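The values are calculated or read from the model by the stated rules, or taken from the named source; none is laboratory data. Values in this document were obtained by computation on a predicted structure and should not be read as measured data. Neighbour counts run over all protein chains shown; Cβ positions are idealised from the backbone, glycine included. Ligands, DNA and RNA are excluded from the accessible area calculation, which covers all protein heavy atoms including side chains. Shrake-Rupley method; radii C 1.70, N 1.55, O 1.52, S 1.80 Å.
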Amino acid sequence: MSALLRHRRALCLAILLCGCASPRTDLEQVRALAAGAGALTAFSELSQRHVDTYQRARPYLSPAEDARERLLDAQRRAAQADVARLAQAVRLYLQALGRLADAEAYDVQPELASAGAAIRAWPGSGIDDRHVRAYTLLLQQLSRLGGAASQQAHLAQVLHEGDAPLQALLAALDSLLALYDKSGDNERDMVLGLLDVEIAYADAPQQRLLAVLAKNMQQSKTEEYRLLGLRHTLARRQLAALAREHAQLAAALTTTEARWTNR
């Protein structure tokens, strides 16, 4: 075999393998997307912290602030069930995507294997060529129900139709995180502001220990709120990445499915 012929065959094989591998790569990407629920876990934790704001800030509140925070606390707790449902809807959607993209979800090879080898006509026993053709066609239909092509079609439809509502829900979660971040800043200013005042007035000798404790608490709270702000920022970035990856997969799978359908 000439070197040119070997090169051409290798090139054709590479093109064929790339075309066959593309759907599987897409399925792997969908499974990775479905497994990346870190943003939702972080959101749930930050959401619960937001709900507990009043209990955490209560010792630092003046009577007027306490009355205001009680009202906000009631509002936060009343809305929390619906907030949790938003995050749960996204989580369930991603879990469904993961199952749909599972490697074994559309594997019909066991059924095909149990059907056995091709049959032949037995005119004297009631099996003629018409039955052989019907048997072959039915197995062909079964094979089309499984495999990457069928799986790809289902995923393309779900991703395409689910992208708009998912983007809307993720935008809602992002807005809530922005609210939580602002609320955390308000809590920080209130708590650290009170500690500043108390430390300034704790200058009598008998209050020295109290001042030391207050300064330690001030340092601890400053670090706590700094880390909280970083958590909000990271969670929002994770949600944005989730939205971006879903949109890209929806577009890619829809394009790939259209290409395979038109072959």
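Nearest 0.05, what FRET efficiency do Arg68 and His160 give at R0 = 30 Å with Cβ-Cβ as r?
Between Arg68 and His160 the formula returns 0.05.
Which FRET efficiency value, to the nearest 0.05, is calculated for Ala211 and Ser150 with the Förster distance at 51 angstrom and r the Cβ-Cβ distance? Working shown, then result.
Values: r = 71 Å, r/R0 = 1.40.
After rounding, the FRET efficiency stands at 0.10.
Which order do you get for Asp163, Asp203 if you rank them by accessible area with a 1.4 Å probe, largest at the top? Intermediate values should be presented prior to the final figure.
Working: Asp163 35, Asp203 120 Å².
Largest to smallest exposure gives the sequence Asp203, Asp163.
Can you tell me the FRET efficiency between Ala81 and Glu28 if r is taken as the Cβ-Cβ distance and R0 is 41 Å, rounded to the nearest 0.05? Please list the in-between numbers first.
Values: r = 36 Å, r/R0 = 0.87.
With a Förster radius of 41 Å, E is 0.70.
What is the spread of the Cα atoms of segment 164-221 along each of their three principal axes, largest first, in whole Å?
Cα extents, longest axis first: 64, 15, 9 Å.
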